[in-house]
Amino acid sequence: MKICPAQPHDLATLLAFREEAAAWLSHLGTDQWQRPYPADKLLATIDAGVVFMVRDDDTTAATITLTPEAEEGLWTEEELREPCLFINKLTVARTHAGRNIGGRLLDWAGDRACRAGAKWLRLDAWTTNAALQTYYLRQGIEHVRTVRQGVAVNGGPRVSGWLAQRAARPAEHGFTDDTPAPKQVLGLP
């Protein structure tokens, strides 16, 4: 399997991928991702070069967004001064579930963050999805705090405020990495 940057022509695949994940999450009893993700917003992140896809031959097996920008109102100014990268939208196709692709993607992201000069790999997860939180804890990611106050970027209530992090570090992930070298990240001045 190889990991590569998503391209604009991947937009429909990624939107369908998200719909599949939302249906699976609903089946598990969580309301996570039940609102459709805006195509224009996803295309902007693809164009920014922060969306990556794991391909198993011609099949999309997983996706992850890795960005230097945090969602507003979640992390403190002190935390944001530390060089870090943020994971968003990590999703594994149901056809590829149970193969530790998510864990390997977290290792890839931590390795990429380390190569970018980041101290931390951070994420915010759905506050009511305890199974997802437990998954991240099993992957060595430590809970920092849960933010329930405030308004999300889309203007709705804060739903993704379970904050966690893991030190950025070199890792073997087993993917063929077809991504460009990461840009160096800095904390805020």
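Overview of values
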item: Built amide H within the under 5 Å cut-off of Val144, gap 5+; result: Leu163, Ala164, Gln165
item: Extension reserve of the Arg94-Ala48 stretch, reckoned as 0.36 nm per residue once the Cα distance is removed; result: 13.9 nm
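Quick note: the coordinates plus some simple rules give every number you see, no bench work behind them. Predicted model, so just to flag it, every value in this text is computed and none were measured.
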